Amino acid sequence: MSLDDDLLQLLSDNLRLGEAIYTLGSQQPNWIVRIAPEGIYVETERSRDRGAGPKRVPAEMLTKAWERLTVRGVLTNKELVAADDLNVKRSSFVCAALAQLPGVVVTSTRPITLSYQR
């Protein structure tokens, strides 16, 4: 699965390469290395310490989370992990990335909850 053109553009316009975005709950930095149709490549403190390089957060995870948020108007990181149809492994990063997009508001950090206002 690839990011559709609209979501790819939104992410490209609102996430800055090389800058850290922080997880909403624990404030862990994630550095955006690349945004591509197949996903977002991210470094964490751990991957930097190990010299492991960036890891890809797959487009499917971002797409499913964005669709759920924009359709329902609310999304939690717990839902991303627990819902059988979502199964997003990098839920904290996905929520932090989506929180950077226009219309998305962080309504809670414990539990992480996003709302979308059109």
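Among residues other than Leu80 whose Cβ falls under 10 Å from its Cβ, what is the net charge (Lys/Arg +1, Asp/Glu -1)?
On the way: positive: Lys64, Arg68, Lys78, Lys89, Arg90; negative: Glu79.
After counting each charged neighbour, the total is +4.
Please state, rounded to one decimal and in Å, the Kirkwood hydrodynamic radius that the chain gives when every pair of distinct Cα atoms enters the mean of 1/r. Walk me through the numbers before you get to the answer.
Working: mean 1/r = 0.0709 Å⁻¹.
In the chain this quantity evaluates to 14.1 Å.
Once you charge only the Cβ atoms, +1 for Lys and Arg and -1 for Asp and Glu, what is the size of the charge dipole of the chain about its Cα centre, to the nearest 20 debye? Walk me through the numbers before you get to the answer.
Details: 15 positive and 14 negative charges, 84 e Å.
It comes to approximately 400 debye.
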Practice task
Would you mind calculating the gained length between Val71 and Ser26 on full extension (0.36 nm times residue separation, minus the Cα-Cα distance), in nm to one decimal?
Solution key: 13.5 nm
Completion exercise
If amide H atoms are modeled at 1.01 Å from N in the peptide plane, then the residues at a separation of 5 or more from Val57, or on another chain, having amide H under 5 Å from its own are Ile40, Tyr41, Val42
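Between Asp85 and Ser47, how high is the FRET efficiency from 1/(1 + (r/R0)^6) when r is the Cβ-Cβ distance and R₀ = 30 Å? Nearest 0.05.
On the way: r = 28 Å, r/R0 = 0.95.
E(calc), rounded to 0.05, equals 0.60.
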Handout entry: Rounded to whole Hz, the Karplus (6.51, -1.76, 1.60) HN-Hα couplings of segment 103-118, x for glycine and proline
Key = x, 9, 10, 7, 9, 7, 9, 9, x, 5, 9, 10, 10, 10, 10, 5
Fill in the blank from the handout: The helix 59-72 Cα axis meets the longest alpha-carbon principal axis of the chain at an angle in degrees, between 0 and 90 and rounded to 10, of 20
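Since every read-out is calculated from the coordinates, none of them should be taken as a lab result. Predicted model only: the values in this text are computed from it and were never measured. Reconstructed Cβ throughout: ideal geometry from the backbone, glycine too, with neighbour counts over all protein chains shown.
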